[in-house]
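Beneath this line is the structure, given in structure tokens, with notes to follow.
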Amino acid sequence: MTCKKIEELLPFYAENELGAEDRRRVETHLTGCSNCRRLLACFKQTEAGLARFPQLEVSPALMARLKAIPSSDKRKARSRTRVPFFLARPSLQPVLAGAFLLLVFASALVFTPAGGRLLKSLDRQFHLGYSQVEKLYAKAESLADSLNSKKEEVIVALKTASPLSRDDSE
């Protein structure tokens, strides 16, 4: 057995709560593993220390007060009105702050007159940029067409200027 499985069984072994087969496996493992033996010794020391604590008698008044504490179901009902636990996680706080800023910016754009002008200006700039890209694309297309028409001439010129096709008798 692996140490991980033995570590799960060690508390039960220390309190003599294991079956015969599991007890034999733990004992076999303990003969060859010093780490698990140290862990078992630690469990036994802890158990011995806890056994030395005196047993206290709980007064009836204290028991009545403890029983008057609301059960976990009532606490859960109260906590439903609060912020859900996953929204209060520290790792989400920067994301939530960014989302809040984005919502504030979007609402400023939509609900203010200056935001409407800004949106119109952005739309105009976008369309100007788009038309410039269209013109560049058309120029690149015409350049590619002109290069394709010259391709045959360049290939013929390269074949005639090839040093392999020359006559070496000169």
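So, Leu119, is that one surrounded by 10 or more Cβ atoms within 10 Å (Cβ to Cβ), in a helix (DSSP H, G or I), touching a helix residue (DSSP H, G or I) at 6+ places or on another chain (Cβ under 8 Å) and not acidic (Asp, Glu) or not? Answer is yes for this residue. Pairing each residue of the range 117-128 that is in contact (Cβ under 8 Å) with a residue 12 or more places away in the chain with any residue that is aliphatic (A, V, I, L, M) and loosely packed, with under 10 Cβ neighbours inside 10 Å, provided the two are 6+ apart or on different chains, yields no C-beta distance under 9 Å. Screening His127 against (1) at pLDDT 80 or above; (2) touching a helix residue (DSSP H, G or I) at 6+ places or on another chain (Cβ under 8 Å) leaves a single unmet condition, (2).
Just so you know, in the range 76-116 the residues that are surrounded by 10 or more Cβ atoms within 10 Å (Cβ to Cβ) and not in a helix (DSSP H, G or I) include one that is modelled with the lowest pLDDT, and it is Arg89.
The values are calculated or read from the model by the stated rules, or taken from the named source; none is laboratory data. Please read these numbers as outputs of a predicted model, since none were measured by experiment. We place every Cβ from the backbone using ideal geometry, glycine too, and count neighbours over all the protein chains shown.
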